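The values are calculated or read from the model by the stated rules, or taken from the named source; none is laboratory data. All values derive from a computational prediction rather than experimental measurement. Note that each Cβ is placed from the backbone with ideal geometry, even for glycine, and that neighbours are counted across all protein chains shown. Note: areas computed on protein heavy atoms with side chains; ligands, DNA, RNA excluded. Shrake-Rupley method; radii C 1.70, N 1.55, O 1.52, S 1.80 Å.
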Amino acid sequence: RPPPSRSCVETGSTMLRYAAVGAALLCCAAPSQAFSPTGVVLRSSQLRSAVSTASPTLRTAMERRSVGASLLMTATKGSDTIEVNQVLEENTERTASPPIQPTEKMIEDVAWIIPEDDMELKDRVDMYVEKGELTEADRFILMNWFDNYKEALSSAQARPDYPYTSKFSVDAHFTTLVELVRKERNRPHYFNKAKETGTCYEPRNAHASDSRFFDYHQFGVDFTRPLVDWPNCKIVGMDNLNKIKQQLADGDNVVFLSNHQSESDTHCIFTLFQDQLGPEFGALAQDIVFMAGERVLRDAIVVPFSRGCNLLTVYSKKHIDSEPELKPAKMQHNQRSMKQLGALFAKGGTCMWYAPSGGRDRRDPETGKVEPAMFDPNAIEMVRLVAEAAGAGAKTHMYPMALATHNIFPPPATVGGAFGEERRVQFSQLSVAICDEVVDKPIDKSLEGMEARKAVKQLRVDRTKLAYAEMLEGYAAIGGYDQ
């Protein structure tokens, strides 16, 4: 094979070369593929196993991201030979393309929303509160978030490995956010294209990305990108992602059965796909229909970010019983959302994201680890039945997805409560694993009556256990427990 293009950590080490070949053989024998922007491409369903079984010298090199270690391992099908191209760089130069830079200033198309005066943001918010255009809770949340964001970004930019060269304008973007929240308080957006915003109350079930007069999608991404530790992000399961892309192109549907960790998971997924994999996968992420809690369309501070996403809203199991007098209306709301989902499945080519746990993962107070919540078998069965009823059961594919996005925008310690949770952010890596498709085992057709019903019920449980187990495997592979 050709010699390394740069100086190696251990120049001319025969042991290191054999270790690389051994790791490649282990990885190529496994079913899925892992990608990391530092150049690591490993075919393995357990990335940790590939690293742990390598020699100590190779393992140290693979784990030392500070020296920009990278391996490219590829296997040629139909051949007994494996070609290994190994580069262990001693400098910080990356083998992948540079990250997409954060927006330095608001583009002219949306900058019109910023008032043309010299008033400080906090003074303007105080003025809006006095006029009744913002609430006291708005002031507390927005100003604490503003201070925290500036502190988090300043700390990140002081790091020698901060990956971005452009300067994100925190003041301009928070000024814009304040104006959007103020607009929402004065004239709420009702997420219905058939009626003019603010003229009537409409059922808030679905919403398509709304960027006709203001690019809400880009606005949300701009808020996320400066806090992403781009060099240390991980994407595991590229072979599955390529398979998904083809299935969607063929008119099939794909459902991501995912854990949920951050209020910004929608923008985290897009940022990962777009910035790490390129515009083709960015477009896939932007087309995802997210099944979300109904609150994302009612919380005035969340709405400016929700309007940049494709959404179907439901009341989760955790919230549907919180107000007993409203339970019938909430159940009717969910039924309308399922009807709309069925129409999307019948049309085909729909990519849907869904959290069967019903909420965000919290840090366990005893272990200190961010533990993914258990999937609800009924939630998964509901989506499957909707696909079946739409005549799209055979062409709807379910893939577990594992997200490690907790630290960029951690949820509150408790579940539920009033609108207006405190927002805090921090500079963090983002990671995602696309796990193998969940394929049901066939039921014995000779079973009848009670035995047949038991088998169907058991299949539902087994499907959920398999999806959850695959998600946990992917979660461990991307370092979810290390957050």
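Values computed for the structure shown
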{"quantity": "Probe 1.4 Å, protein heavy atoms only - accessible area per residue of segment 98-167 in square angstrom", "calculated": "62 Å²"}
{"quantity": "Fraction of accessible area attributable to carbon and sulfur, segment 129-193 (%, probe 1.4 Å)", "calculated": "48 percent"}
{"quantity": "Accessible surface, per residue, of segment 390-483 when the full set of protein chains is kept, probe 1.4 Å, Å²", "calculated": "49 Å²"}
{"quantity": "Extension gain from Lys347 to Arg187, taking 0.36 nm per residue of separation minus the Cα-Cα distance", "calculated": "54.2 nm"}
{"quantity": "Heavy-atom accessible surface of segment 284-353: percent carbon and sulfur, 1.4 Å", "calculated": "55 percent"}
{"quantity": "For segment 263-388, accessible area per residue (1.4 Å probe, heavy atoms of protein chains only), Å²", "calculated": "41 Å²"}
{"quantity": "Cα-based Rg and Dmax for segment 267-390, where Dmax is the largest Cα-Cα distance (Å)", "calculated": "16.0, 48"}
{"quantity": "Nearest-0.05 FRET efficiency for Glu130 and Ala249, computed from C-beta distance (R0 51 Å)", "calculated": "0.40"}
{"quantity": "Where labels lie 7 Å past Cα in the beta-carbon direction, separation of Val439 and Asp482 in nm", "calculated": "3.2 nm"}
{"quantity": "Convex hull volume per residue in cubic angstrom - Cα atoms of segment 287-340", "calculated": "80 Å³"}
